[in-house]
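Engineer: Below is a structure I'd like to ask you about.
The values are calculated or read from the model by the stated rules, or taken from the named source; none is laboratory data. All values derive from a computational prediction rather than experimental measurement. No Cβ is skipped: glycine too gets one built from the backbone with ideal geometry, and neighbour counts run over all protein chains shown.
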2 protein chains.
Amino acid sequence: MKYGFGVDLGGTTVKIAYFDENGTMLNKWEIPTVTAGGGTQILPDIAASIKGYMAEHEVDPSSIVGIGIGVPGPVDGKGVVNKCINLGWGVFNIADALSDLTGFPVKAGNDANVAALGEYWKGGGQGCENMIFATLGTGVGGGIVIDGHLLHGAHGSGGEIGHLVLNRDETEKCGCGKQGCVEQYCSATGIVRMAYKHLASTEEFSSLRILESITCKDIFDAGKAGDAVALQILDKYYALLGEFLANLCCVVNPEAVVLGGGVSKAGKVLIEGTKPYFLKNVFHAAANVRFELASLGNDAGAYGAFKLALDAFN
Amino acid sequence: MKYGFGVDLGGTTVKIAYFDENGTMLNKWEIPTVTAGGGTQILPDIAASIKGYMAEHEVDPSSIVGIGIGVPGPVDGKGVVNKCINLGWGVFNIADALSDLTGFPVKAGNDANVAALGEYWKGGGQGCENMIFATLGTGVGGGIVIDGHLLHGAHGSGGEIGHLVLNRDETEKCGCGKQGCVEQYCSATGIVRMAYKHLASTEEFSSLRILESITCKDIFDAGKAGDAVALQILDKYYALLGEFLANLCCVVNPEAVVLGGGVSKAGKVLIEGTKPYFLKNVFHAAANVRFELASLGNDAGAYGAFKLALDAFN
């Protein structure tokens with residue numbers, strides 16, 4: 001049996017997991033991400049943590065197939081990071097750097113793309129070959145799997161689906177500097193923004209009005225309780241999300257769309273609400289799509305990172 | 001040296017070309033597409049034509065690496081055609097069927113996807129690994145190349161980029177039955193439709209008003225001659241095309257976008273007009289894209305079909 005490590009590098013913590021070649025997660029732990037000093041300590045810390053784990057558990061180095069790592073920024077197919085603002089990183093080959101520090105082969109990818117590969121392998125996308133993963137969280141991110149492989153793109157920015165234009169008439173700015181991005185509507189932040197706008201546009205009674213500040217969960221909860229205004233907001237949300245996912249499916253024609261992130265905690269109601277708008281907007285030959293909720297939560301990145309290494313080196 | 005055939009199967013003619021393994025087109029010819037009787041004669045005709053060519057030119061069968069074929073309908077990665085309305089075809093494995101008739105291995109793909117592979121290999125997309133090909137003709141079709149391979153999609157409908165929703169408020173129907181598709185705006189037909197609408201919305205003088213019927217070429221010619229109304233129409237067109245291509249590039253992050261079809265005959269002015277709107281709408285990390293005009297014309301399909309076979313069997 002071969003083994004390996006999957007690393008999910010975030011802005012505050014690094015999640016590290018130890019897997020067997022079948023994808024069974026045998027252990028997982030976290031270390032802090034030390035971004036001080038231009039983030040130069042991050043990779044040595046990860047290498048030391050992996051070496052420490054191996055020493056403590058007497059892992060035979062010859063049993064290690066490799067290390068995979070997901071990074072919060074664009075990474076091209078060769079492992080070159082193209083700036084991670086959060087970490088203070090510029091442009092360098094992270095796969096080579098971590099390989100030099102550990103002695104093991106390393107494969108790197110963008111964190112959202114790598115999480116998509118995790119959901120494809122062991123989560124909501126199991127059993128398909130072509131999949132779109134959309135994380136509807138603070139922002140909208142995602143990843144695309146084609147014939148079982150991640151779409152990295154020419155400069156590591158493939159699957160940046162949160163920044164398609166969804167409303168060319170939008171006047172407020174997206175975090176990316178553009179206007180009208182998917183992220184401004186379909187994220188957990190986006191639905192709250194839509195809720196405030198909708199509440200301001202009507203006098204109608206709503207349980208949402210008594211809340212000091214509205215969260216994504218509040219809107220879904222009010223909808224489930226039958227609040228008419230909440231249902232109107234959700235309907236607008238489903239219409240935009242359905243159109244957006246239909247557009248992605250015209251490009252990719254996947255077997256499955258997997259939804260993750262905070263909004264997906266609403267559960268099956270999210271899929272049931274979105275599906276009719278998806279079917280209205282999708283090209284008929286690409287309409288046969290299975291909708292799933294993400295099932296790996298915060299572990300998706302570690303699973304996908306290890307899978308990346310397994311595909312590359314096993 | 002190995003050799004092979006690329007076949008571009010259209011609704012009225014079949015283009016067949018004979019290549020060496022370097023992609024030099026050594027010969028090309030056409031035969032009619034006989035669609036009568038449910039299209040059952042089409043593959044036997046192609047097989048007979050290829051065998052006839054080989055007999056006439058004394059081609060050694062052992063030098064043939066295989067046959068590639070592009071088909072006007074969805075084809076999945078295994079060669080299963082999922083209905084070609086134009087040809088009267090239902091669902092069957094065209095690769096197996098043509099292989100049985102010829103004795104050579106066959107690889108099949110959708111015609112627009114296959115043309116994309118041709119432009120990637122020997123046309124406007126040479127030198128890149130990730131490419132979007134958009135044909136702006138009577139309709140809008142295209143194909144996507146990822147890491148040097150065609151995106152077929154789960155059911156052979158990958159790259160159906162003409163049917164993304166570009167205007168959710170459109171009231172007229174697209175040929176596909178939906179409303180507001182890219183094809184209704186960005187095709188040669190679409191720009192003419194936009195021209196008539198624009199002319200009806202203003203009293204302003206335009207040389208286009210004296211024409212009995214307006215063509216795509218008329219609009220570009222009037223624009224080049226300085227006609228103010230034509231320039232307004234073109235500006236609207238560039239804005240929509242630029243936004244659409246920006247959205248595609250957020251998903252795929254290619255090195256190059258190659259434009260083909262009737263509209264691309266306008267030349268460099270199409271790229272110059274579209275690029276600023278592309279840059280306005282694209283996610284910054286995916287903005288580094290080379291725009292090219294397609295250069296293989298009607299031969300793109302045959303080149304791409306042979307490349308498909310070469311990649312599969314060589």
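Conditions tested, residue by residue: (1) touching a helix residue (DSSP H, G or I) at 6+ places or on another chain (Cβ under 8 Å); (2) closer than 22 Å to residue B:313 by Cα; (3) touching a residue at least 40 places away in the same chain (Cβ under 8 Å); (4) among the small types (Gly, Ala, Ser).
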| position | (1), (2), (3), (4) |
| --- | --- |
| B:66 | yes, yes, yes, yes |
| B:71 | yes, yes, yes, no |
| B:78 | yes, yes, no, no |
| B:86 | no, no, yes, no |
| B:89 | yes, no, yes, no |
| B:96 | no, yes, no, no |
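Engineer: For residues that are part of a strand (DSSP E or B) and of a type in the set (D, E, K, R), scanning just the stretch B:2-32, find the one that is farthest from residue B:87 (Cα to Cα).
Structural biologist: Result: B:20.
Engineer: For residue B:52, are the conditions met, namely being surrounded by fewer than 17 Cβ atoms within 10 Å (Cβ to Cβ), of a type outside the set (Phe, Trp, Tyr) and touching a strand residue (DSSP E or B) at 6+ places or on another chain (Cβ under 9 Å)?
Structural biologist: no
Engineer: Can you report the number of residues in the stretch A:16-49 which are touching a Phe, Trp or Tyr at 6+ places or on another chain (Cβ under 8 Å) and surrounded by fewer than 20 Cβ atoms within 10 Å (Cβ to Cβ)?
Structural biologist: Residues in the stretch A:16-49 being touching a Phe, Trp or Tyr at 6+ places or on another chain (Cβ under 8 Å) and surrounded by fewer than 20 Cβ atoms within 10 Å (Cβ to Cβ): 11 in total.
Engineer: Within the stretch B:234-247, does at least one residue satisfy the condition of being among the aromatic types (Phe, Trp, Tyr), more than 14 Å from chain A (Cβ to nearest Cβ) and surrounded by fewer than 23 Cβ atoms within 10 Å (Cβ to Cβ)?
Structural biologist: No, the conditions are met nowhere in the stretch B:234-247.
Engineer: Does at least one position in the stretch A:70-77 carry a residue that is aliphatic (A, V, I, L, M) and more than 14 Å from chain B (Cβ to nearest Cβ)?
Structural biologist: no
Engineer: Can you tell me how many residues in the stretch A:98-123 are of a type in the set (Phe, Trp, Tyr) and in contact with a helix residue (DSSP H, G or I) (Cβ under 6 Å, 6 or more places away or on another chain)?
Structural biologist: Summing the residues that are of a type in the set (Phe, Trp, Tyr) and in contact with a helix residue (DSSP H, G or I) (Cβ under 6 Å, 6 or more places away or on another chain) in the stretch A:98-123 gives 1.
Engineer: Is it the case that the stretch B:146-164 has a residue that's within 12 Å of chain A (Cβ to nearest Cβ), without any contact (Cβ under 8 Å) to a residue 24 or more places away in the chain, in contact with a strand residue (DSSP E or B) (Cβ under 8 Å, 6 or more places away or on another chain) and surrounded by fewer than 21 Cβ atoms within 10 Å (Cβ to Cβ)?
Structural biologist: yes
Engineer: Assigned to a helix (DSSP H, G or I), crowded, with 24+ Cβ neighbours inside 10 Å and assigned by TED's automatic domain parsing to the domain that holds residue A:158: is that true of residue A:270 in this structure?
Structural biologist: no
Engineer: Then there's this: Looking for whichever is under 20 Å from residue A:70 (Cβ atoms) and either of a type in the set (A, V, I, L, M, F, W, C) or in contact with a Gly (Cβ under 8 Å, 6 or more places away or on another chain) (or both) here; the options are A:234, A:136. Which one fits?
Structural biologist: Answer to the check: A:136.
Residues checked against (1) within 12 Å of chain A (Cβ to nearest Cβ); (2) over 19 Å from residue B:275 (Cβ atoms); (3) of a type in the set (A, V, I, L, M); (4) more than 25 Å from the chain's Cα centre (by Cα):
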{"site": "B:171", "(1), (2), (3), (4)": "no, yes, no, yes"}
{"site": "B:177", "(1), (2), (3), (4)": "yes, yes, no, no"}
{"site": "B:199", "(1), (2), (3), (4)": "no, yes, yes, yes"}
{"site": "B:209", "(1), (2), (3), (4)": "no, yes, no, yes"}
{"site": "B:216", "(1), (2), (3), (4)": "no, yes, no, no"}
{"site": "B:222", "(1), (2), (3), (4)": "no, yes, yes, yes"}
{"site": "B:226", "(1), (2), (3), (4)": "no, yes, no, yes"}
{"site": "B:231", "(1), (2), (3), (4)": "no, no, yes, yes"}
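Engineer: So is residue B:142 free of Cβ contacts under 8 Å to residues at least 40 places away in the same chain, in contact with a Phe, Trp or Tyr (Cβ under 7 Å, 6 or more places away or on another chain) and either surrounded by 19 or more Cβ atoms within 10 Å (Cβ to Cβ) or outside the structural domain of residue B:290 (by TED's automatic domain parsing) (or both) or not?
Structural biologist: Yes; evaluated as a whole, the condition is true for this residue.
Engineer: Continuing with this model, one more query. Can residue A:56 be described as more than 24 Å from the chain's Cα centre (by Cα) and free of Cβ contacts under 8 Å to residues at least 24 places away in the same chain?
Structural biologist: Taking the combined requirement at face value, the residue satisfies it.
Engineer: If you check A:298, A:288, which single one turns out to be away from chain B (no Cβ under 11 Å), of a type outside the set (Lys, Arg) and out of contact with any Leu (no Cβ under 8 Å at 6 or more places or on another chain)?
Structural biologist: The conditions single out A:298.
Engineer: Need pairs with beta-carbon distance below 6 Å; first residue more than 24 Å from residue B:107 (Cα to Cα) and within the stretch B:290-303, second surrounded by 17 or more Cβ atoms within 10 Å (Cβ to Cβ) and among the aliphatic types (A, V, I, L, M); sequence gap 6+ or separate chains.
Structural biologist: B:290/B:256; B:291/B:257; B:291/B:271; B:292/B:256; B:292/B:258; B:293/B:259
Engineer: Going through A:38, A:73, A:66, A:90 one at a time, which residue ends up being over 30 Å from residue B:287 (Cα atoms), in contact with a strand residue (DSSP E or B) (Cβ under 9 Å, 6 or more places away or on another chain) and of a type outside the set (Ser, Thr, Tyr)?
Structural biologist: The unique qualifying residue is A:66.
Engineer: Considering only the stretch B:123-139, state which residues are more than 16 Å from residue B:299 (Cα to Cα) and in a loop (DSSP other than H, G, I, E, B).
Structural biologist: The answer is B:127, B:128, B:129, B:130, B:138, B:139.
Engineer: While we're here: Just to check your reading of the model, which residue among B:246, B:300, B:286, B:305 is small (Gly, Ala, Ser) and modelled with pLDDT under 95?
Structural biologist: B:286
Engineer: Here is a follow-up. Given the condition of a type in the set (Val, Ile, Thr), under 22 Å from residue B:13 (Cβ atoms) and not in a strand (DSSP E or B), answer yes or no: does some residue in the stretch B:104-119 qualify?
Structural biologist: yes
Engineer: Could you grab the pairs with beta carbons closer than 9 Å, sequence gap of 6+ or different chains, first residue in the stretch A:102-120 and farther than 18 Å from residue A:155 by Cα, second one in a helix (DSSP H, G or I) and among the polar types (S, T, N, Q)?
Structural biologist: That search, which allows pairs on different chains as well, returns A:105/A:99; A:106/A:99.
Engineer: While we're looking at this one, here's another question. When you look at residue B:286, is it in contact with a helix residue (DSSP H, G or I) (Cβ under 6 Å, 6 or more places away or on another chain), outside the structural domain of residue B:194 (by TED's automatic domain parsing) and either buried (at least 24 other Cβ atoms within 10 Å of the Cβ) or not small (Gly, Ala, Ser) (or both), yes or no?
Structural biologist: Judged against the criteria, residue B:286 is not a match.
For every residue, the table says whether it meets (1) charged (D, E, K, R); (2) in contact with a Leu (Cβ under 8 Å, 6 or more places away or on another chain); (3) outside the structural domain of residue A:41 (by TED's automatic domain parsing).
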{"site": "A:89", "(1), (2), (3)": "no, no, no"}
{"site": "A:94", "(1), (2), (3)": "no, yes, no"}
{"site": "A:99", "(1), (2), (3)": "no, no, no"}
{"site": "A:104", "(1), (2), (3)": "no, no, no"}
{"site": "A:108", "(1), (2), (3)": "no, yes, no"}
{"site": "A:112", "(1), (2), (3)": "no, no, no"}
{"site": "A:131", "(1), (2), (3)": "no, no, yes"}
{"site": "A:134", "(1), (2), (3)": "no, yes, yes"}
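Engineer: What number goes with the only condition from (1) within 7 Å of chain A (Cβ to nearest Cβ); (2) not in a loop (DSSP other than H, G, I, E, B) that residue B:142 does not pass?
Structural biologist: If we test residue B:142 against (1) within 7 Å of chain A (Cβ to nearest Cβ); (2) not in a loop (DSSP other than H, G, I, E, B), just (1) comes out false.
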